[in-house]
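Undergrad: Pasting in a structure now, in C-alpha coordinates, and then I'll have a few things to ask.
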Amino acid sequence: MSAPASRRWADQPGPALASALTEASILVVPVGAVEHHGPHLPLGTDLVMAQEISARIVEAAVAAGHDAWLLPALGVTKSDEHAWAPGTLWLSADTFARVLADLGRSIAATPARTVLFYNGHGGNIAPLTVALRELRRRFGLRTFLDGVQVPPGATERGFGIHGGQGETSLLLHLRPELVDEAAFTRAVPDAIAEFARIGFAGRPVQFGWCSDDFGAGGVIGDPTAATAAEGAALAAQLVADGVATIEEIARWPLGARHV
(Lines give C-alpha, C1' and ligand atoms only; values in the text may rest on other atoms or scores of the structure.)
Protein backbone atom coordinates (compact mmCIF):
# COMPACT_ATOMS: atom_id res chain seq x y z
CA MET A 1 0.00 0.00 0.00
CA SER A 2 1.40 3.43 -0.94
CA ALA A 3 1.89 6.04 1.76
CA PRO A 4 -0.82 8.69 2.15
CA ALA A 5 -0.12 12.10 0.58
CA SER A 6 -0.24 13.80 3.98
CA ARG A 7 2.63 12.91 6.28
CA ARG A 8 0.98 14.36 9.38
CA TRP A 9 0.51 11.50 11.83
CA ALA A 10 -2.67 12.82 13.45
CA ASP A 11 -4.39 13.28 10.07
CA GLN A 12 -4.32 9.55 9.27
CA PRO A 13 -6.90 6.87 10.03
CA GLY A 14 -5.31 4.27 12.28
CA PRO A 15 -5.41 1.32 9.83
CA ALA A 16 -4.00 3.42 6.98
CA LEU A 17 -1.14 4.65 9.14
CA ALA A 18 -0.33 1.16 10.41
CA SER A 19 -0.18 -0.11 6.83
CA ALA A 20 2.03 2.76 5.66
CA LEU A 21 4.63 2.66 8.44
CA THR A 22 7.67 0.40 8.25
CA GLU A 23 10.79 -0.11 10.34
CA ALA A 24 12.49 2.40 8.01
CA SER A 25 9.95 5.18 8.72
CA ILE A 26 11.44 8.24 10.41
CA LEU A 27 9.11 9.94 12.89
CA VAL A 28 9.76 13.63 13.59
CA VAL A 29 8.47 14.95 16.92
CA PRO A 30 8.50 18.76 17.31
CA VAL A 31 9.28 19.75 20.91
CA GLY A 32 8.56 23.33 21.84
CA ALA A 33 7.65 25.30 24.94
CA VAL A 34 5.10 27.83 26.18
CA GLU A 35 7.09 30.37 28.17
CA HIS A 36 7.85 34.04 28.65
CA HIS A 37 9.78 35.63 25.77
CA GLY A 38 9.63 39.25 26.82
CA PRO A 39 7.08 41.85 25.67
CA HIS A 40 7.83 41.48 21.94
CA LEU A 41 7.36 37.74 21.29
CA PRO A 42 4.50 35.30 21.99
CA LEU A 43 4.61 32.72 24.75
CA GLY A 44 4.57 30.03 22.09
CA THR A 45 7.73 31.21 20.30
CA ASP A 46 9.63 27.95 20.78
CA LEU A 47 6.57 25.90 19.84
CA VAL A 48 6.05 27.91 16.64
CA MET A 49 9.67 27.42 15.63
CA ALA A 50 9.67 23.68 16.36
CA GLN A 51 6.36 23.04 14.61
CA GLU A 52 6.93 25.18 11.53
CA ILE A 53 10.50 24.12 10.85
CA SER A 54 9.71 20.43 11.51
CA ALA A 55 6.82 20.57 9.03
CA ARG A 56 9.10 22.06 6.37
CA ILE A 57 11.80 19.48 7.08
CA VAL A 58 9.37 16.58 6.71
CA GLU A 59 7.95 18.01 3.50
CA ALA A 60 11.42 18.49 2.02
CA ALA A 61 12.62 15.08 3.23
CA VAL A 62 9.63 13.32 1.65
CA ALA A 63 10.27 15.19 -1.60
CA ALA A 64 13.84 13.86 -1.44
CA GLY A 65 12.53 10.30 -1.18
CA HIS A 66 12.63 9.69 2.57
CA ASP A 67 9.84 8.00 4.53
CA ALA A 68 9.38 10.81 7.06
CA TRP A 69 6.33 11.56 9.22
CA LEU A 70 5.36 14.56 11.36
CA LEU A 71 3.97 13.74 14.79
CA PRO A 72 1.95 16.18 16.93
CA ALA A 73 4.15 18.61 18.85
CA LEU A 74 4.93 18.45 22.53
CA GLY A 75 4.13 22.00 23.55
CA VAL A 76 4.30 22.14 27.36
CA THR A 77 7.74 20.97 28.44
CA LYS A 78 10.55 21.81 30.90
CA SER A 79 10.45 25.61 31.21
CA ASP A 80 11.01 26.10 34.93
CA GLU A 81 13.68 28.78 34.34
CA HIS A 82 10.73 30.97 33.33
CA ALA A 83 8.36 29.82 36.08
CA TRP A 84 8.44 33.30 37.65
CA ALA A 85 6.64 34.80 34.64
CA PRO A 86 2.84 34.64 34.28
CA GLY A 87 1.80 32.67 31.22
CA THR A 88 4.64 30.16 31.36
CA LEU A 89 3.41 26.57 31.34
CA TRP A 90 5.89 23.94 32.45
CA LEU A 91 6.42 20.35 33.50
CA SER A 92 8.84 19.13 36.14
CA ALA A 93 11.84 17.16 34.90
CA ASP A 94 10.29 13.98 36.29
CA THR A 95 6.94 14.57 34.60
CA PHE A 96 8.58 15.43 31.28
CA ALA A 97 10.70 12.26 31.46
CA ARG A 98 7.55 10.22 32.04
CA VAL A 99 5.79 11.90 29.10
CA LEU A 100 8.72 11.06 26.82
CA ALA A 101 8.78 7.45 28.05
CA ASP A 102 5.04 7.08 27.47
CA LEU A 103 5.42 8.52 23.97
CA GLY A 104 8.21 6.05 23.25
CA ARG A 105 6.06 3.16 24.43
CA SER A 106 3.24 4.30 22.14
CA ILE A 107 5.57 4.56 19.15
CA ALA A 108 7.02 1.13 19.86
CA ALA A 109 3.52 -0.33 19.40
CA THR A 110 3.71 0.68 15.70
CA PRO A 111 5.99 -0.73 12.98
CA ALA A 112 8.18 2.42 13.12
CA ARG A 113 11.43 2.22 15.05
CA THR A 114 13.13 5.58 14.41
CA VAL A 115 12.37 8.88 16.19
CA LEU A 116 13.89 12.31 15.65
CA PHE A 117 13.03 14.88 18.31
CA TYR A 118 13.19 18.35 16.76
CA ASN A 119 13.59 20.77 19.64
CA GLY A 120 12.91 24.51 19.83
CA HIS A 121 13.75 25.19 23.49
CA GLY A 122 17.18 25.08 25.13
CA GLY A 123 15.81 23.94 28.48
CA ASN A 124 14.67 20.69 26.88
CA ILE A 125 18.08 19.59 25.65
CA ALA A 126 19.23 17.90 28.87
CA PRO A 127 16.03 15.86 29.47
CA LEU A 128 15.74 14.96 25.79
CA THR A 129 19.34 13.74 25.74
CA VAL A 130 18.62 11.48 28.71
CA ALA A 131 15.45 10.25 26.98
CA LEU A 132 17.35 9.20 23.86
CA ARG A 133 19.10 6.40 25.75
CA GLU A 134 16.06 5.62 27.90
CA LEU A 135 13.82 5.05 24.88
CA ARG A 136 16.45 2.93 23.18
CA ARG A 137 17.10 0.82 26.25
CA ARG A 138 13.45 0.29 27.16
CA PHE A 139 11.78 0.08 23.75
CA GLY A 140 14.60 -0.62 21.30
CA LEU A 141 14.01 2.55 19.28
CA ARG A 142 16.59 4.40 17.23
CA THR A 143 16.52 7.88 18.75
CA PHE A 144 17.97 11.21 17.64
CA LEU A 145 17.87 14.87 18.70
CA ASP A 146 18.19 17.92 16.44
CA GLY A 147 16.66 21.36 16.69
CA VAL A 148 16.57 25.09 16.17
CA GLN A 149 19.96 26.71 16.54
CA VAL A 150 20.50 30.39 15.80
CA PRO A 151 23.81 32.29 15.84
CA PRO A 152 24.18 35.30 18.14
CA GLY A 153 23.84 38.71 16.57
CA ALA A 154 26.68 41.23 16.34
CA THR A 155 25.52 43.13 19.44
CA GLU A 156 24.71 40.10 21.60
CA ARG A 157 28.25 39.20 22.74
CA GLY A 158 27.49 35.51 22.27
CA PHE A 159 24.36 35.65 24.45
CA GLY A 160 21.46 35.77 21.99
CA ILE A 161 19.80 32.74 23.52
CA HIS A 162 16.28 33.85 24.44
CA GLY A 163 14.14 36.39 22.63
CA GLY A 164 17.16 37.82 20.85
CA GLN A 165 17.98 38.60 17.24
CA GLY A 166 17.79 35.05 15.85
CA GLU A 167 14.55 33.95 17.46
CA THR A 168 12.90 37.28 16.75
CA SER A 169 13.97 37.15 13.10
CA LEU A 170 12.52 33.65 12.77
CA LEU A 171 9.20 34.78 14.23
CA LEU A 172 9.14 37.80 11.92
CA HIS A 173 9.38 35.30 9.08
CA LEU A 174 7.14 32.53 10.44
CA ARG A 175 4.43 34.48 12.31
CA PRO A 176 5.00 38.23 11.90
CA GLU A 177 1.55 39.10 13.22
CA LEU A 178 2.65 37.83 16.67
CA VAL A 179 5.71 40.11 16.94
CA ASP A 180 5.56 43.56 18.56
CA GLU A 181 8.43 45.50 16.99
CA ALA A 182 7.68 48.55 19.13
CA ALA A 183 8.70 46.54 22.22
CA PHE A 184 12.20 45.58 21.00
CA THR A 185 14.80 46.23 23.74
CA ARG A 186 18.41 45.07 24.06
CA ALA A 187 18.86 42.83 27.12
CA VAL A 188 22.33 41.30 26.96
CA PRO A 189 23.99 40.14 30.24
CA ASP A 190 27.12 42.26 29.81
CA ALA A 191 28.21 41.55 33.40
CA ILE A 192 29.07 37.95 32.55
CA ALA A 193 30.22 38.42 28.96
CA GLU A 194 33.89 38.66 29.97
CA PHE A 195 33.94 35.31 31.77
CA ALA A 196 35.99 32.81 29.74
CA ARG A 197 34.87 29.59 31.43
CA ILE A 198 31.48 30.14 33.07
CA GLY A 199 28.53 30.70 30.78
CA PHE A 200 25.70 29.18 28.80
CA ALA A 201 25.96 26.14 26.53
CA GLY A 202 29.28 26.16 24.72
CA ARG A 203 31.30 27.37 27.71
CA PRO A 204 33.20 24.68 29.67
CA VAL A 205 31.51 25.55 33.00
CA GLN A 206 27.72 25.68 33.23
CA PHE A 207 25.75 27.38 35.99
CA GLY A 208 22.24 27.34 37.42
CA TRP A 209 20.08 30.26 36.37
CA CYS A 210 16.56 31.59 35.97
CA SER A 211 15.72 33.98 33.17
CA ASP A 212 14.95 36.91 35.50
CA ASP A 213 18.44 36.70 37.01
CA PHE A 214 19.50 39.05 34.21
CA GLY A 215 16.66 41.55 34.42
CA ALA A 216 12.93 41.74 34.99
CA GLY A 217 12.15 41.36 31.27
CA GLY A 218 13.47 37.81 31.07
CA VAL A 219 15.03 38.36 27.63
CA ILE A 220 18.64 37.32 26.98
CA GLY A 221 19.66 38.88 23.69
CA ASP A 222 19.08 41.86 21.44
CA PRO A 223 16.09 41.78 19.10
CA THR A 224 16.62 45.31 17.81
CA ALA A 225 18.44 44.19 14.65
CA ALA A 226 16.02 41.36 13.82
CA THR A 227 14.51 41.24 10.33
CA ALA A 228 12.12 38.99 8.44
CA ALA A 229 14.76 38.56 5.72
CA GLU A 230 17.23 37.17 8.26
CA GLY A 231 14.48 34.91 9.57
CA ALA A 232 13.78 33.53 6.10
CA ALA A 233 17.48 32.79 5.59
CA LEU A 234 17.71 31.12 9.01
CA ALA A 235 14.63 29.02 8.30
CA ALA A 236 15.98 27.87 4.94
CA GLN A 237 19.28 26.84 6.55
CA LEU A 238 17.50 25.01 9.38
CA VAL A 239 15.39 23.08 6.87
CA ALA A 240 18.46 22.17 4.81
CA ASP A 241 20.26 21.05 7.97
CA GLY A 242 17.23 19.03 9.08
CA VAL A 243 17.01 17.22 5.76
CA ALA A 244 20.74 16.46 6.00
CA THR A 245 20.07 14.99 9.45
CA ILE A 246 17.31 12.76 8.07
CA GLU A 247 19.60 11.64 5.24
CA GLU A 248 22.19 10.52 7.78
CA ILE A 249 19.57 8.86 9.98
CA ALA A 250 18.34 6.91 6.95
CA ARG A 251 21.78 5.32 6.56
CA TRP A 252 22.69 5.10 10.25
CA PRO A 253 24.28 1.65 10.79
CA LEU A 254 22.80 0.92 14.23
CA GLY A 255 19.40 -0.74 13.92
CA ALA A 256 16.59 -1.16 16.38
CA ARG A 257 17.35 -3.21 19.50
CA HIS A 258 15.45 -6.32 20.54
CA VAL A 259 13.96 -5.81 23.99
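The values are calculated or read from the model by the stated rules, or taken from the named source; none is laboratory data. What you are looking at is a predicted structure, and each value in this text was computed from that prediction instead of being measured. Positions of Cβ are backbone-derived with ideal geometry, glycine not excepted, and every protein chain shown enters the neighbour counts. We work out accessible area using only protein heavy atoms, side chains counted, and drop any ligands, DNA or RNA first. Shrake-Rupley method; radii C 1.70, N 1.55, O 1.52, S 1.80 Å.
Undergrad: Counting Lys +1, Arg +1, Asp -1, Glu -1, what net charge surrounds Thr245 among other residues with beta carbon under 14 Å of its beta carbon? Write down the numbers at each step before the final one.
TA: On the way: positive: Arg56, Arg142, Arg251; negative: Asp146, Asp241, Glu247, Glu248.
So the surrounding residues net to -1.
Undergrad: Could I ask something else about it? Quick one: what do you get for the chain if you divide its Cα Rg by 2.2 N^0.38 Å?
TA: Details: Rg = 18.8 Å, N = 259, 2.2 N^0.38 = 18.2 Å.
Its radius of gyration relative to the 2.2 N^0.38 Å reference: 1.03.
Undergrad: Mind checking which of Leu141, Leu103, Leu171 has the largest fluctuation in a GNM of the chain, springs on alpha carbons under 10 Å?
TA: Result for the chain, Cα springs under 10 Å: Leu103 fluctuates most.
Undergrad: Between beta-carbons, use under 12 Å as the cut-off and find the net charge around Ile26, counting Lys and Arg +1, Asp and Glu -1.
TA: Working: positive: Arg7, Arg113, Arg142, Arg251; negative: Glu23, Asp67, Asp146, Glu247, Glu248.
With Lys, Arg at +1 and Asp, Glu at -1, the neighbours total -1.
Undergrad: Subtract the Cα-Cα distance of Asp241 and Ala16 from 0.36 nm times their separation in residues, and report this length gain in nm to one decimal. If you can, show how the numbers build up before the last one.
TA: Working: separation 225, 0.36 × 225 = 81.00 nm, distance 3.00 nm.
Contour length minus Cα-Cα distance gives 78.0 nm.
Undergrad: Can you give me the accessible area per residue for the chain, using a 1.4 Å probe, in Å²?
TA: Details: 12000 Å² over 259 residues.
Result: 46 Å² per residue.
Undergrad: What is the Rg over Rh value, at two decimals, for segment 112-259, using alpha-carbon atoms and the Kirkwood definition of Rh? Intermediate values should be presented prior to the final figure.
TA: Working: Rg = 17.9 Å, Rh = 17.3 Å.
Using only Cα positions, Rg/Rh for segment 112-259 is 1.04.
Undergrad: For Pro189, what charge total do you get from the other residues with a beta carbon under 15 Å from its beta carbon, if Lys and Arg give +1 and Asp and Glu give -1?
TA: Numbers: positive: Arg157, Arg186, Arg203; negative: Glu81, Glu156, Asp190, Glu194, Asp212, Asp213, Asp222.
Summing Lys and Arg as +1 and Asp and Glu as -1 gives -4.
Undergrad: Tell me, in nm to one decimal, what length is gained between Leu89 and Asp213 on full extension, where the rule is 0.36 nm per residue of separation less the Cα-Cα distance?
TA: 42.7 nm
Undergrad: May I ask you to give the percent of accessible area on the chain that is carbon plus sulfur, with a probe radius of 1.4 Å?
TA: Values: 6750 of 12000 Å².
Carbon and sulfur together cover 56 percent of it.
Undergrad: Using only alpha carbon pairs under 8 Å that are at least six residues apart, calculate the relative contact order of segment 24-115 and give it in whole percent.
TA: On the way: 148 pairs, mean separation 35.0, N = 92.
Reported relative contact order: 38 percent.
Undergrad: While we're on this one: Mind checking the alpha-carbon convex hull of segment 22-98 and giving the volume per residue in Å³?
TA: On the way: hull volume 6.9 nm³, N = 77.
Each residue corresponds to 90 Å³ of Cα convex hull volume.
Undergrad: Let me ask something else. Once both labels are modelled 7 Å past Cα along the beta-carbon direction, what's the Leu254-Ala233 spacing in nm?
TA: In this crude label model, Leu254 to Ala233 measures out at 3.6 nm.
Undergrad: In addition: Using only Cα atoms, figure out Rg for segment 103-180 and give it as a multiple of 2.2 N^0.38 Å. Write out the running numbers ahead of the final one.
TA: Working: Rg = 16.6 Å, N = 78, 2.2 N^0.38 = 11.5 Å.
Working it through for segment 103-180, the quotient is 1.44.
Undergrad: Could you work out how far the C-alpha centroid of segment 21-58 sits from that of segment 184-243, in angstrom?
TA: Taking the Cα centre of each part, segment 21-58 and segment 184-243 sit 18 Å apart.
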